[in-house]
Amino acid sequence: MDVNSVNPILASFANILPQIGFQTIEKKGLSLSGSALTNKGIMINISMVGPLKGAILIGMEMDAAKQFASRMMMGMDVVDFDSLAQSALSEMANMVCANACTNFTEVGIVGLDISPPTLLIGQGGSVMLSAPKVIVVNFLIDGIPVDMYIGLT
Amino acid sequence: MSVIKVMIVDDSPFSRTILSDTLQEAGYEVVGEADGIDNLIETYANCKPDLVTMDIAMPGADGFECSKLLLLHDPGAKIILVSSMKDEDTEAEARRVGVAGYVQKPIEAELLGRIVQNVLAPDTLFDTLRATSLDVFKEALAQSVTRMTKTTATFADAVGSDGQFTSQGITVVIGIIGKYAGSLLMDLSFASAEQMTETILRRPAKNRDEMIAMAGEFANVVGGVACSMLNKKDKTFALRVAPPSIFFGTTTEVVSPNIQVETTYAETDYGRIYLGIGFKKGSVLWM
């Protein structure tokens, strides 16, 4: 996958997060990895089908996930990563990927569709994607480290 | 059937008046009006409509944002976009937001009536999918076990419906896309994967990567076979599978927060294979 074609996904991240209560979105790094990834705490998998196929994953450490969910829920304390927090993060991933599909249509990549999110909770777990190369983008979202893995072919 | 109650969301008083007249002439009751996002939820909560008509271009939050907010408040809300804008982009966005229908202004009463009827009719196709999908995926799994390993699989009677489980070792996640989007989850232990790989390759697995690849390929076959069977039952399902994502290596909890996933497991010669399948409702009708 062309590195430039991650732009619609990055634009979506920058567009959606302010709508759900985040102010600063800093891109800290962009790198290329193989198809094997490590789960730092939680990972949200959304599959994509159409002219681009594969998966987009959003990952964070457990503490970061709780902070992120807390911010999404107007600062409510998130002590356990419970079903409400799980639902909030999954919904965020869903919105980001859905919006990315819309952005892709603007650059002529039409007909993408996404699956519902699946959340994998398990620090230190391994992930194997079908795409041979995965683009990894590291963000700091209001100081919370969030990683995005784009494995599309 | 009692009179259908409609709420109108539109920033223009003129448009609201026209729409209100059209709806009332067609026999609907207009129970509430909102001019934007500010009084949207309050009006909806107060007037409890059967459906909401939603303009797209509004100052501040547009119809998509208003629809998202409303669906967050009530996931069962039935929203019909009513706008003079209607193109590929807005249709795609409308689909993703999950509104129930989309009609272009100026509205013809007869067309609106048909859309309202469709939107309020029970989604029997989705109900069919929900009622049959687990059995179809079970059959596909049993078939695939037999074809690939020449052994048989039997299924547990117990079916879970919270969709949450702890992985036995390897979890394969396969997204499904079509008229309804969904997820296929398959889970097995490394020991099972090792034995299955040995049977299928007729030699011991060289390494863990081979077992993981086998698990991914096996789930892919199960998903493909099951979706083909469902598409044969009704071609409007148009289901397609996404490439697998495979998770392994530590104790992992697998959760599907946004859909109801039914789970069961197959007893095979190689151990238990968990199967989870769920679809998301997105009754979208476009005219």
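Coordinate-derived values only; no laboratory data. These numbers were taken from a predicted model, which means no experiment stands behind them. Virtual Cβ from ideal backbone geometry, glycine too; neighbours counted across all protein chains shown.
Looking at chain B, what % of its DSSP beta bridges pair antiparallel, to the nearest 5?
65
Remark: mean inter-chain Cβ contacts per residue of B:86-98 equal 3, using a 10 Å Cβ-Cβ cutoff to other protein chain atoms.
With 25 Å as the limit on Cα-Cα distance, the pairs of B:Lys138/B:Lys206; A:Lys27/A:Lys66; B:Lys179/B:Lys232 that go past it are B:Lys138/B:Lys206. Panel values: chain B, Kirkwood radius from alpha carbon pairs, Stokes-Einstein at 37 °C and 0.692 mPa s, translational diffusion coefficient 154 µm²/s.
From the Cα gyration tensor of region B:215-286, with a ≥ b ≥ c the square roots of its eigenvalues, which class applies: rounded if a/c is under 1.5, or else prolate if a/b is larger than b/c, or else oblate? Can you show the working numbers first?
Working: a/c = 2.07, a/b = 1.50, b/c = 1.38.
Cα axes put region B:215-286 in the prolate bin.
Placing unit charges on the Cβ atoms of the charged side chains and taking the dipole of region B:124-282 about its Cα centre, the candidate lying farthest along the positive direction among B:Val173, B:Cys227, B:Phe137 is B:Cys227. Just check the protein assembly as shown against the gyration tensor rule for me: Cα atoms, a ≥ b ≥ c as the square roots of the eigenvalues, rounded for a/c under 1.5, and otherwise prolate or oblate depending on whether a/b exceeds b/c. Judged from the Cα gyration tensor, the protein assembly as shown comes out prolate (a/c at least 1.5, a/b above b/c).
If N is the number of residues in region B:124-282, what value comes out of its Cα radius of gyration divided by 2.2 N^0.38 Å? Please report the intermediate quantities before stating the final value.
On the way: Rg = 14.8 Å, N = 159, 2.2 N^0.38 = 15.1 Å.
Computed over Cα atoms of region B:124-282, the ratio equals 0.98.
Could you check how many percent of all C-alpha pairs in region B:5-120 are farther apart than 16 Å?
Details: 3569 of 6670 pairs.
Value for region B:5-120 (Cα pairs over 16 Å): 54 percent.
Against chain A, whose longest principal axis comes from its Cα atoms, helix A:83-106 is set at around 30 degrees. Phi angles across region B:148-156 convert, under the Karplus curve 6.51 cos²θ - 1.76 cosθ + 1.60 with θ = phi - 60°, into 3J(HN,Hα) values of 8, 10, 6, 10, 10, 10, 10, 10, 6 Hz, Gly and Pro given as x. Here the label points at A:Gln19 and B:Leu201, each 7 Å from Cα along the C-beta direction, are separated by 4.6 nm in the simple model.
Bridges between two residues of the protein assembly as shown, per DSSP, are antiparallel at a rate of about 80%.
Peptides B:171-179, B:233-241, B:245-253 ranked from most to least packed by the mean count of surrounding Cβ atoms within 10 Å: B:171-179, B:245-253, B:233-241.
The Cα center of region A:20-54 and the Cα center of region B:156-210 differ in position by 23 Å.
Counts of other chain beta carbons within 10 angstrom of each beta carbon in peptide A:106-119 average 6.
Counting other beta carbons within 10 Å of each residue's own, what order do A:Met72, B:Met229 fall into, fewest first? Provide the component values of the computation, followed by the final result.
Working: A:Met72 21, B:Met229 18.
So the residues, fewest neighbours to most, are B:Met229, A:Met72.
Among residues other than B:Glu42 with Cβ under 14 Å from its Cβ, the summed charge is -3 (Lys and Arg +1, Asp and Glu -1). Over the protein assembly as shown, DSSP H runs of length four or greater, each weighted -39,500 (n - 2.57), average out per residue to a 222 nm ellipticity of -12500 deg cm²/dmol. Taking chain A as a Gaussian network of alpha-carbon nodes connected by springs under 10 Å, the highest mean-square fluctuation of the residues A:Gln19, A:Gln86, A:Gln67 belongs to A:Gln19. Say a paramagnetic label sat at a point 7 Å from the Cα of A:Lys28, along Cα to Cβ; which residues of region A:65-107 have their backbone N under 13 Å from it? Within reach of a label on A:Lys28, which here means backbone N under 13 Å from a point 7 Å along Cα→Cβ, region A:65-107 contributes A:65. Between region A:55-99 and region A:106-153, how far is it from one alpha carbon centroid to the other, in angstrom? Rounded to whole Å, the Cα centres lie 14 Å apart. Put simply, the amide H of B:Val261, placed in the peptide plane, has neighbours under 5 Å in B:Gly163, leaving out anything fewer than 5 places away on its chain.
From other protein chains only, count the Cβ atoms within 10 Å of every residue's Cβ in A:126-137, then give the mean. Mind showing how you got there, number by number?
On the way: counts 9, 8, 13, 5, 8, 2, 0, 0, 0, 0, 0, 0.
If you average over the peptide's residues, the count of other-chain Cβ atoms is 4.
From the Cα gyration tensor of chain A, with a ≥ b ≥ c the square roots of its eigenvalues, which class applies: rounded if a/c is under 1.5, or else prolate if a/b is larger than b/c, or else oblate? Verdict is prolate for chain A.
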